[in-house]
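Please treat every number below as a calculation from the coordinates, not as lab data. Values in this document were obtained by computation on a predicted structure and should not be read as measured data. So basically every Cβ, Gly included, is an ideal-geometry build from the backbone, and we count neighbours across all protein chains shown.
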């Protein structure tokens, strides 16, 4: 008999079917028992009329793996309007002990560190795994939007010979007796690859040795990176980012209906276009609103981003707001200045509900501009030899952005801790499981 | 004027168009000059009738970035039957010097180390970049086949607390003062995730500190990993692998017509089903063919794989052959034995044209089997705490496989060195670019 998914049970009413999954819950009543079986997609209620069959499950710890054969029966009282009348139950794999927390409750009743310690089990909970189904939809939507627009997927090295971007926050490793480093971002490689394919993207791990112990920091995360050549300026990049976010949300909606319902998540609307404000105008606005004189401030504080987020909602009804033109010297060395006002850059942040979600911008593309910038910033040209070779041999105007997968999920789901949006988080204290 | 791709030029005959790209080649003849412009997709021939325009390009090094406006004209003599009559050329970015090798020749005339040293430039060559367009199609086809079959994409940690699989060949790193290791494979995590989603896949980097200096070894590669729950045995996994490979080749054919033509690559046929031979039968066959008594051999030597590959071609007309049932003790600790003959395993290799291409198999799924196997092999249970937790709490029969992206491309393209199929290879000697 072909196995069917629990989520397809309603389509098989009146048929003999085979379900397979985990013993999510067993409730023994006087005359009947109910088994909730969980498979990779959902759960199904199984009715055990035969006392011997039910008794046979008594000693079985939750999470044991079962095959259940029986008839799918319409039953208005059952979740989803259908249940399985079990005829035969086979134990495929017996759990060795009961879980350290109840898996059948709407949410796991345990502190986050306990859940993370027991991630192999906690991730099986429908709420937890729903988050990572959304993660998969995010990656799928990201790639689909870019493939459709002629971008080529690349895989760049994670072990690098020089700590090029911010020397302190880098993991060092022993590479056959030589020092090497874990890549903090594919930035330099994706720019090099603009010279090859013009439009590239990458989904991959990045590593940051930041010794911060906060709910927002993890030391490795999944970066969704994009770089695009032959742009006019950063507005082309912002248009690509907007389209990518739109497709990510559309893919979530298409693929993850049950997960969105379970998490009670309403996906935000992305206005077309997303409103934008220049950094200097943002400072004017903030000065007015706060009564402080913020003109000349080098950057936005988190409180300022929150105020701008509230303003975007009030003024445009938008959860999203681009802030463009951050001062050039505040951004990474490869940031392109605004040609008309070089104090300001062609970089942007995308603010979502008052918190920075994505950074990006136009990059420098002329070899001589890189040489001048590296010199001005006191950065060693020799560490950038491969990178600079691309620019020595002709690079078009280009720009890009990076979305942190876990941060995006954390913000969308309004999770209190980024670790909840990370499959097996790595932080200052945690290297396992 | 909207920019068009060189590959779309034929669709715009009679129109004024804008092309953008790199100066691939300039040929100055007495009365006319020809510019070959390369963009992210292809090349186009540009005719320069005006001597002043052509002379203006004389001092421009190859790889300078240009915008060319003019009329698309049908011209039977031109490559692709169409060329651009240039009206105006704008230099977007001037190359600082000429490339160290000619980019316009059918293949770069340089030794591999030189090409790898200059990868940011060499990868721009149409032949080189075609390989990585096939890499992108491989990843796309892999994911599409699995998403369609209900697999969920995951991202597992690349920094791990214990060197679980093969202690010697692991890169060690300093993790906030503690030792940590780079993941050699997502094997243990993808198995854990079978407990969550049943069917999972991952595309990501793996790290092997093998000090081998050969054309087949690199120290980091892209692994296409699959794991599938509720299987009957390894034959279910082999069916999934066959379907995945079929979709990879179909995606290459659909997305990479010009690249396949350029590389003169005929994609292999995948028979349905792929023929399979048991390890013990393979040894019988090899004993017959070689005259050596190979019965009782623990593994297949490369020469034996070549013979089996020739046999599969001769007997089944197939480039592919599954060998199943390798002796259990020769395989990784998590390998499931054949229940009827536990000396043999439910593991397989897929041989392609006489060389192993993919490994996979059914895994152990019972907690007590893991404890017994780890003890028998003298492996420390404590290093596997998180992994074993999954099995303590109920795991279904499952299995999977891993495809090395670069190795697959190397074999399909019959490249002499895996470095040619790796964007920025990392090996015993190479950490840059």
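Some points to look at:
- Kirkwood-Stokes translational diffusion coefficient of the stretch B:20-90, alpha-carbon pairs, 4 °C, 1.567 mPa s, µm²/s: 108
- Across A:186, A:416, A:396, mean-square fluctuation computed from a Gaussian network of chain A (C-alpha pairs under 10 Å connected) peaks at A:416.
- Here's the picture: a label point sits 7 Å out from the Cα of residue B:243 along the beta-carbon direction, and within the stretch B:368-400 the residues with their amide nitrogen under 20 Å of it are B:396-400.
- Efficiency of FRET from Cβ geometry, residue B:429 and residue B:292, R₀ 41 Å, rounded to 0.05: 0.60
- Nearest-0.05 FRET efficiency for residue B:58 and residue B:377, computed from C-beta distance (R0 60 Å): 0.30
- Rounded to the nearest 10 degrees, the inclination of helix B:279-290 to the longest alpha-carbon principal axis of chain B is 70 degrees.
- Pairwise FRET efficiency - residue A:127 versus residue A:91, Cβ, R0 = 22 Å, nearest 0.05: 0.25
- Shielding of peptide A:88-94 by partners, expressed as the average count of other chain Cβ atoms within 10 Å per residue Cβ, is 3.
- Take residue A:55, move 7 Å from Cα toward the beta carbon, and the resulting point lies 10.6 nm from the same point in each other copy, nearest first.
- D by Stokes-Einstein for the stretch B:262-343, Kirkwood Rh over Cα pairs, 25 °C, 0.890 mPa s: 172 µm²/s.
- DSSP beta bridges in chain A [antiparallel fraction, %, rounded to 5]: 90
- Remark: label point of residue B:178 defined 7 Å out from Cα along the Cα-Cβ vector; separations to the same position in other copies 3.0 nm, ascending.
- Over the protein assembly as shown, the reciprocal of the mean inverse Cα-Cα separation, the Kirkwood hydrodynamic radius, stands at 29.4 Å.
- Considering the stretch A:204-294 at the alpha-carbon level, its Rg and Dmax are found to be 18.3, 49 Å.
- Cβ-to-Cβ counts within 10 Å put A:351, A:131 in ascending order as A:131, A:351, the fewest first.
- Expressed to the nearest 5 percent, the antiparallel share of DSSP beta bridges inside the protein assembly as shown is 90 percent.
- Exposure proxy order (Cβ contacts within 10 Å, fewest to most) of A:212, A:31: A:31, A:212
- With the convex hull of its Cα atoms as the shape, the stretch B:145-237 has an orientation-averaged projected area of 7.5 nm².
- Sorted shortest first, the distances from the residue B:261 label point to those of the same residue in the other copies are 4.9 nm; each point sits 7 Å from Cα along Cα-to-Cβ.
- Per the axis that maps chain A onto chain B, nearest residue of A (Cβ criterion) and its distance in Å: A:173, 2
- For the stretch B:382-433, Kirkwood radius (reciprocal of mean inverse C-alpha pair distance, Å): 14.6
- Average Cα contact separation per residue, chain A, under 8 Å, 6 or more apart, as relative contact order %: 13
- Helix-only CD estimate at 222 nm, as mean residue ellipticity for chain B, using -39500 (n - 2.57) per DSSP H run (n ≥ 4): -9500 deg cm²/dmol
- Where a label projected 7 Å from the Cα of residue A:49 along Cα→Cβ would reach, residues of the stretch A:83-117 with amide N under 16 Å: A:83-89
- Cα pair distances exceeding 17 angstrom across the stretch A:211-351, given as percent: 69
- Share of pairwise Cα-Cα distances greater than 36 Å in chain A is 40 percent (whole percent).
- Cβ crowding within 10 Å averaged over residues, with A:257-270, A:8-21, B:197-210 ranked highest first: B:197-210, A:8-21, A:257-270
- Kirkwood hydrodynamic radius over Cα pairs of the stretch B:334-433, then Stokes diffusion coefficient at 25 °C and 0.890 mPa s, in µm²/s: 149
- To the nearest ten degrees, helix B:187-197 and the longest principal axis of the Cα atoms of chain B are 90 degrees apart.
- Counting beta carbons within 10 Å around each of A:189, A:334 and listing the fewest first gives the order A:334, A:189.
- Over all projection directions, the Cα-based convex hull of the stretch B:1-123 averages an area of 7.7 nm².
- Cα-based helix-to-principal-axis angle, B:302-316 vs chain B, degrees rounded to 10: 80
- Relative contact order for the stretch A:6-98, counting Cα pairs under 8 Å that sit 6 or more residues apart, in percent: 32
- Take every DSSP beta bridge whose two residues both sit in the stretch B:43-109; close to 85 percent of them are antiparallel.
- Within 10 Å of the Cβ of each residue in A:391-404, the mean number of Cβ atoms contributed by other protein chains is 5.
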